[in-house]
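Participant: Handing you this structure, nothing more for now.
Rule-based calculations on the coordinates, nothing more; no lab input. What you are looking at is a predicted structure, and each value in this text was computed from that prediction instead of being measured. Don't worry about glycine lacking a Cβ; one is built from the backbone with ideal geometry, like all the others, and counts go over all protein chains shown.
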Amino acid sequence: MPAGLAAGTVVVALALSGCGVAPGWQFAEVPGVPVSVSTGDGTRASGSLLAYEDGAFVFERTYERGEDVEVLRVDGTDYVYVRDVVVGTAVEVRDFDIVTAQRISPENVETLDVKTRAYAGWGSVIAGVLTFFVVMVLGDE
Amino acid sequence: MNTTLGRAAALVVLALSLAGCARYVESSELDASGADVGVVVTLETGETAVGRLLSLEGDEVRVELTYRLGGGTDLRGLGDRRRVVVDGKDVPGEITAVGRDGATTVVSLRRSLRLQEIDEMTFHRSGREASLGPVVAAVLGPLIGALLALAI
């Protein structure tokens, strides 16, 4: 019975998942493709590639909040500074991190790798492992 | 001992089944690897089109754009001489498919663009991945974990 219930949940979830796609357009309406970018200064970062505009790629990534990271508002725009160097503009300031929009010129891009089949991440693994142990403990009792 | 080994093996299977799904593909080999990235392109000429990103290397962008015939968009010529015409101007590129979407004829055209020709371009995930991702993340991990625990 629990297995049947689980299978039913999956079927319903999969059926509903198609709702996010607009008819006639097989891609998500909201821009954003998971990528890994390495730049000329030797840094590599993972984030989301949103657009190419005004001669630069617009790339969204997160910075963990800490002593080295701060947000300063200048003329109504929130700029993100990492070790006193501006890295982009703040899209969303959250409790633990800051979503930042960065502009990268094409000349500065060394490699650009696109992440595909990104259905599940480490969050799913952790949730799966936790569920595994919870069920095992409940089973032992 | 056997139970411990079984649990360890199950956890390895669980981790591989979830984390092993994702893979990175070089932007220069998107088409060859079957990766789906959508683009909405607005050119310096003002032309706007939607389609699929085939490759992105240096300042060269290869895309497969979709043109819906009607209005100022037309398909002229026969056989190998067929060409897409938008507002009276030929669109350079290779026609890869001509099909129908309801009452509208749709033409797929592969073309190569320079970044300098592009005014704006947005990148979009595969709709299937974008809509399935949250569902899989929320449901599949706990589900596999629970089923493995019940199976041991």
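Participant: With each pseudo-label sitting 7 Å past Cα toward Cβ, what's the A:Asp54-B:Arg82 distance in nm, one decimal?
Facilitator: Label at A:Asp54, label at B:Arg82, 4.1 nm between them.
Participant: Stokes-Einstein D for the range A:28-141 at 4 °C, 1.567 mPa s, Kirkwood Rh over Cα pairs, in µm²/s?
Facilitator: On the way: Rh = 16.4 Å.
Using the Kirkwood radius from Cα pairs, D works out to 79 µm²/s.
Participant: Counting Lys +1, Arg +1, Asp -1, Glu -1, what net charge surrounds B:Gly72 among other residues with beta carbon under 14 Å of its beta carbon? Spell out each step's value before the answer.
Facilitator: Numbers: positive: B:Arg68, B:Arg76, B:Lys89; negative: B:Glu47, B:Asp74, B:Asp87, B:Asp90.
Counting the neighbours of B:Gly72, the net charge comes to -1.
Participant: Compute the FRET efficiency between B:Asp59 and A:Leu130 as 1/(1 + (r/R0)^6), taking r as their Cβ-Cβ distance and R0 = 45 Å, and round to the nearest 0.05. Present the calculation step by step, with values, prior to reporting the outcome.
Facilitator: Values: r = 47 Å, r/R0 = 1.04.
Taking R0 as 45 Å, the efficiency between B:Asp59 and A:Leu130 is 0.45.
Participant: A further question on this structure: Report the local net charge at A:Thr89: Lys and Arg +1, Asp and Glu -1, summed over other residues whose C-beta lies under 14 Å from its C-beta. Working shown, then result.
Facilitator: Working: positive: A:Arg61, A:Arg73, A:Arg103; negative: A:Glu53, A:Asp54, A:Glu60, A:Glu70, A:Asp75, A:Asp78, A:Glu92.
Here the count lands on -4.
Participant: Just how many % of Cα pairs in the range B:82-152 lie over 20 Å apart, if you round to the nearest whole percent? Kindly include the intermediate steps, with their values, before the conclusion.
Facilitator: On the way: 1567 of 2485 pairs.
Value for the range B:82-152 (Cα pairs over 20 Å): 63 percent.
Participant: Relative contact order for the range A:70-119: what percent, with Cα pairs under 8 Å and sequence separation of 6 or more?
Facilitator: On the way: 49 pairs, mean separation 9.8, N = 50.
Relative contact order of the range A:70-119: 20 percent.
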